[in-house]
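A quick write-up on the structure given underneath.
Taken together, the values in this text are just the output of simple stated rules run on the coordinates, not laboratory data. All values reported here derive from a predicted model rather than from experimental measurement. Cβ: placed from backbone, ideal geometry, glycine included. Neighbour counts: every protein chain shown.
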Amino acid sequence: MAKPVALECRGVTKTFGRVVANKNCDLEVYRGEILAILGENGSGKTTLMNMVAGIYYPDAGQIFVDGQEVTIASPKDAFAYKIGMIHQHFKLVDVFTACENVALGVEDEGRYRLADVRKKVIEITQRYGFVIDPDKRVADMSVSEKQTVEIIKVLYRGADILILDEPTAVLTPQETEKLFAVLRRMREDNKSVIIITHKLHEVLSLSDRVAVLRKGESVGTIETADATESSLTEMMMGVKVELNIERSEPKDPQERLKVENLCSVNEEGRAILDGVSFTAYSGEILGIAGIAGSGQRELLEAIAGLHHLTEGDIIYQDPKTGKTEDLRDKNPIQIRDLGVRLSFVPEDRLGMGLVGNMDIVDNMMLRSYQKGHGFFLHRREPRDLAVNIVEQLQVATPNVSTPVRQLSGGNVQKVLVGREIAAAPTVLMAAYPVRGLDVNASYTIYNLLNRQKEKGVAVIFVGEDLDVLMELCDRIMVINSGRVTGIVDGRTARKDEIGLLMTKSKEEMQDGENG
């Protein structure tokens, strides 16, 4: 007997000015199933689900819930049809407890009683296997705990159709498995679960069916049992794509950057970096893994001269002269004047990496490109470099005179990565360089980083996908709460081993040092 259809979209269309986000999209979600929605960056996945959740209103098309056509003009309408969406960026009040956040905005009849809310929250956690303290303040919670509160919020409101947007983006492998176990219990409870994700291995391990969007249009839906990473990628891209990272062995590695006991604090005096030490070698890729906010960004900013340190040294060894120089407390201009090439692909693309109002050509000129010998056909003129980057990385833009702020996030990232690599660095630091990129572009970047490694560049790569880190990097350094919890071999490391290092407590680290 076929499962009943819980949610259906027919011919749903949404435009923003001249940009068509969704065009005649069709989608069916059954009761008691987990449906994954796949698509390259800008394919309209989140926009389509935002219309189902009442964030946007469709320009055309129909939405049906349990076979009845409905009008969803607001999130309140969506909740009335038992639809709840958990967004990438949480909407919680830090000073409130889990229970208080769950109760916010709920219109209960009669007198409001927090004790009743707490009782129902505990019932939900026990039913689905959540691990959460209902009396804990959000400010004191981990990322996974905050996500748990968001899911409980929509379940408390009676949601039977749950939409999760990139739910594992900032979770450790162990936290991801716990989340998947919860989602499977929801499926058993006849809930309909929709996940938007880029991680193909997670799609294959969790979902029942996969719906694919390409350039805002529905490509089709396939049973997960009949799918592979290659077949799903081909559906997403429209062409066959080879998903291989060409990791080569390091050749003649030389010490290029020695970081010793780096320490820094925030405005409240809390440690951001706490005694970080490591060595980066030429001709290798050193990966950095850690839960979001563990100090990865600040570490790279400190090396690039953008973050103040209270203690420590950053010793750079020049590959030509063999001379060493301490980069501690030098600003980026001073570092460049020393002849040190630190190319930095920051987490905040437009805030730190590029100027949004300037076009692609002008953004090329922000680097001393003429001193380098870039891999993009060795051209020195900024326009030639811009054209080459657009062609090599398939940047979607009308022309190289287009202001960068008019590009999608993924295309902004391509421009930034291309420019930094073209600067011919001796040390290349890349923080989340594929965030927001589709699968094909991501693998292009991975292989470009490998090419830099083969040229003798010391590459430091901060990533959030452990599968990629283990496939790309020669060594992986794990950071937790501003401290290095371990450095493992990228070729032999296990995912669970890295996950444990990502969650290792300060006390456990101290016990290990004392033992």
For R214, what residues show an amide H to amide H distance below 5 Å, using hydrogens built from the backbone and excluding near sequence neighbours? V219
Semi-axes of the equivalent ellipsoid for the range 5-237, Cα gyration tensor, largest first, Å: 29, 21, 16
If exposed means GluC sites (Glu not before Pro) lying in a DSSP loop and surrounded by at most 13 other beta carbons within 10 Å, then the longest stretch of the chain lacking such sites spans residues 269-515
How many percent of DSSP beta bridges within the chain run antiparallel, rounded to 5? 55
Using 5 Å bins from zero, what percent of all Cα-Cα pairs in the range 1-141 falls into each bin? 2, 8, 14, 17, 16, 14, 13, 10, 5, 1, 0
Contact order relative to length of the range 5-237, as percent, for alpha carbon pairs under 8 angstrom and 6 or more apart: 29
Karplus-derived HN-Hα couplings along the range 287-294 (A = 6.51, B = -1.76, C = 1.60, θ = phi - 60°), whole Hz, x at Gly and Pro: x, 10, 10, x, 4, 3, x, 8
Signed unit charges on C-beta, dipole axis of the chain, positive-most listed residue T228, A115, V143: T228
Quick one: dipole size for the chain, taken about the Cα centre, charges +1 on Lys/Arg Cβ and -1 on Asp/Glu Cβ, in debye to the nearest 20. 920
Distant-in-sequence amide H partners of A21 (H built 1.01 Å from N, under 5 Å): K14, T15, F16
Can you list the residues, at least 5 places off or on another chain, whose amide H is less than 5 Å from the amide H of V484, using H built in the peptide plane? S277
Unit charges at the beta carbon, dipole of the chain: most positive-side option, A280, P425, T492: P425
Toy charge model, Lys and Arg Cβ at +1, Asp and Glu Cβ at -1: the range 202-331 dipole around Cα centroid in debye, rounded to 20, equals 340
Using only helices, what value at 222 nm comes out for the chain when you add -39,500 (n - 2.57) per DSSP H run of length 4 or more and divide by the total residues, to the nearest 500 deg cm²/dmol? -9500 deg cm²/dmol
Top positive-direction residue, dipole computed over the chain with Cβ charges, set L257, A98, I445: I445
Rounded to 5, percent antiparallel among DSSP beta bridges of the range 5-237: 55
Are there trypsin sites (Lys or Arg not before Pro) in the range 220-303 that DSSP puts in a loop and that have at most 14 other Cβ atoms within 10 Å, and which ones? K240, K251, R270
What nm distance separates the two modelled labels at R137 and H201, each placed 7 Å from Cα along Cα→Cβ? 3.8
Just how many % of Cα pairs in the range 169-273 lie over 19 Å apart, if you round to the nearest whole percent? 65
Taking the Cα centre of the range 5-237 as origin and charging only Cβ (+1 Lys, Arg; -1 Asp, Glu), how large is the dipole, in debye to the nearest 20? 420
Read phi for every residue in the range 453-462 and hand back ³J(HN,Hα) as whole Hz from Karplus 6.51 cos²θ - 1.76 cosθ + 1.60, θ = phi - 60°, with x for Gly and Pro. 4, 5, 7, x, 7, 8, 9, 10, 10, 9
Contact order normalised by length for the range 70-149, with contacts defined as Cα pairs under 8 Å and 6 or more residues apart; what percent is it? 37
When Lys and Arg each count +1 and Asp and Glu each count -1, what net charge do the other residues less than 9 Å away from Q88, Cβ to Cβ, add up to? -2
Along the three principal axes, how long is the chain when you take its alpha carbons, biggest first, rounded to the nearest angstrom? 75, 56, 40
Before anything else, pin down the relative contact order of the chain: Cα pairs under 8 Å, at least 6 apart, normalised by residue count, whole percent. 15
Quick one: Karplus J couplings for the range 122-128, per residue in order, coefficients 6.51, -1.76, 1.60, θ = phi - 60°, nearest Hz, x for Gly and Pro? 5, 4, 5, 5, 6, 5, 10
